[in-house]
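Step one of this worksheet: look at the structure below.
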Amino acid sequence: MPTDIKSLAREELEAQFKLWEQPVYRVTQLLDWLYVRRATSWDAMTNLPKQLREKLRENFSLQTLELVRKQGSHDTTQKFLWRLHDHSLIESVLIPANPALYGEASDRHTLCISTQVGCAYGCKFCASGLDGWKRNLTPNEIVEQILSVERWHIAQPKEKSLEPTENRVVNNIVVMGMGEPLANYDNLLKALKILNAPWGGGIGARKITISTSGLAPQIRKLAQEPMQFRLAISLHGATDETRNKIMPVNRKYPLKELINACEDYQHEKGRMITLEYILIAGVNDSIAETRPLASLARKLYAKVNLIPYNKVEGLSWERPSEEVCEAFLDALEKQKVIATLRREKGGDIDAACGQLRLKTEKELLNR
């Protein structure tokens, strides 16, 4: 299949149009169709000459995502299951912010996006890797998740639509969906540059958070990038003993190496890091676990985001009680750590990453 047009940066398009002896303003028109009007066909691009549209059709693909399933109502967390051109399935999750004080529309909507079909890192509690790793997503497949959600939104009846801000519905991105983002480094960075660029998504780098389970070399590489993306570490244990039980990546990059990489990142960026910590009953939710976690958070000047575990079908892990979660939060705060506890957001929609995909694949196989 030809390269998808949304995998190309503006300078690449300008070089191609120069070869075709097309004026530069045609690139601006094309980018407007792709990222502002979110066009899904060459024929829709009516201010481009027909001959140019034919050249584009012959040389590039213009892929979109097929919506297979959606869970959640318009005013809550919503999960989208997409089918790619090769019939692989991926997930995106739209998380509206809490309403403002007097009930007006929220000023932001966050989309959690995927970077791989499946995952090779095998975190014991996660649904994403249960069926193994299939392939990396291409830049356009990463970008298309934002555009597809926005197309879906535009198609909603007015009374059910979200209030867009800054001409976009999605204005915060968290790269925490299916897959290990930094294992698909080049494709991810190209997609995020497109989403960040004024001619593309126009989403500020500081409104884009990249999560990793702990790939130390790639964290150091990310630190050298000029853009100020935010970094989140999927920690889930503040000792090697705890992380080794649930996160195989820790054997390759143990905490000491991960911490050193995070310190290098902060030295370059001067940005606060977030430590993501899924609370799993009987595994990492005891008050004793707060002491090494607090020590690590203070060392890295990091904030801690506590997430009660979402049950995954086929796995034995359990969610702690609300009281245990609140006590864990309280213990961290008493140790002078900035911490938040995610109250219920999407627990009723197969919220664990990869769960809806697995469920759908099983159903398709059993037909």
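Show me, for the range 331-337, the HN-Hα J-couplings you get by feeding each phi into the Karplus relation (A = 6.51, B = -1.76, C = 1.60, θ = phi - 60°), rounded to Hz, glycine and proline as x.
5, 5, 5, 5, 9, 6, 10
Per residue, what volume in Å³ does the Cα convex hull of the range 158-276 take up?
Each residue corresponds to 126 Å³ of Cα convex hull volume.
Filter K207/K245; K245/K311; K6/K70; K134/K207; K70/K303; K79/K245 down to the pairs with a C-alpha to C-alpha distance above 27 Å, please.
Listed pairs above 27 Å: K207/K245; K134/K207; K70/K303; K79/K245.
Rounded to the nearest 5, what % of DSSP beta bridges with both residues in the chain are antiparallel?
So the antiparallel bridges amount to about 45 percent of the total.
So what is Rg over Rh here for the chain, counting just Cα atoms and using Kirkwood for Rh?
That ratio is 0.98, to two decimals.
Relative to the first principal axis of the alpha-carbon coordinates of the chain, what is the inclination of helix 185-196, with its axis defined by its Cα atoms, in degrees from 0 to 90 and to the nearest 10?
70
Quick one: among G202, G270, G214, which has the greatest mean-square fluctuation in a GNM of the chain with alpha-carbon springs under 10 angstrom?
G270
Just to be sure I understand: with springs between alpha-carbon atoms less than 10 Å apart, which residue in L341, L315, L306 has the highest mean-square fluctuation in the Gaussian network model of the chain?
Result for the chain, Cα springs under 10 Å: L315 fluctuates most.
In degrees, nearest 10, range 0 to 90: what is the angle between the Cα axis of helix 255-269 and the longest Cα principal axis of the chain?
With both axes taken from Cα atoms, the answer is about 50 degrees.
Run the accessible area of the chain with a 1.4 Å probe and give the carbon-and-sulfur part as a rounded percent. The partial results should precede the final answer.
Values: 8480 of 16810 Å².
Result for the chain: 50 percent of the exposed heavy-atom area is carbon or sulfur.
Which cross-chain or sequence-distant (5 or more) residues have an amide H under 5 Å from the amide H of I338, H modelled 1.01 Å from N in plane?
HN-HN under 5 Å from I338: V304.
If you line up the long axis of helix 10-19 against the longest principal axis of the chain, both from Cα atoms, how many degrees apart are they, to the nearest 10?
20
Over all alpha-carbon pairs in the range 8-53, figure out the percentage whose distance exceeds 11 Å.
Counting pairs separated by more than 11 Å, the tail of P(r) holds 65 percent.
Defining a contact as two alpha carbons under 8 Å apart and six or more residues distant in sequence, what relative contact order in percent does the chain show?
Details: 646 pairs, mean separation 52.7, N = 367.
Computed value for the chain: 14 percent relative contact order.
Post the alpha-carbon centroid distance, the range 284-346 to the range 181-238, in whole angstrom.
24
In angstroms, what radius of gyration and Dmax does the range 193-348 have, counting Cα atoms only?
Computed over the Cα atoms of the range 193-348, radius of gyration and Dmax are 16.2, 50 Å.
Over the chain, give the accessible area per residue in Å² for a 1.4 Å probe, as an integer.
I get 46 Å² per residue for this part.
Could you work out the helix-only [θ] at 222 nm for the chain, with each DSSP H run of four or more residues adding -39,500 (n - 2.57) and the total divided by the number of residues, to the nearest 500 deg cm²/dmol?
Working: 12 runs with 124 residues, N = 367.
Counting only the DSSP helices, I get -10000 deg cm²/dmol.
Name the residue farthest towards the positive end of the dipole of the chain from the options L67, V24, V175, assuming +1 on Cβ of Lys and Arg, -1 on Cβ of Asp and Glu, about the Cα centre.
Looking along the dipole axis, the top candidate is V24.
The values are calculated or read from the model by the stated rules, or taken from the named source; none is laboratory data. These numbers were taken from a predicted model, which means no experiment stands behind them. Don't worry about glycine lacking a Cβ; one is built from the backbone with ideal geometry, like all the others, and counts go over all protein chains shown. These accessible areas exclude ligands, DNA and RNA; they are computed on the full protein's heavy atoms, side chains included. Shrake-Rupley method; radii C 1.70, N 1.55, O 1.52, S 1.80 Å.
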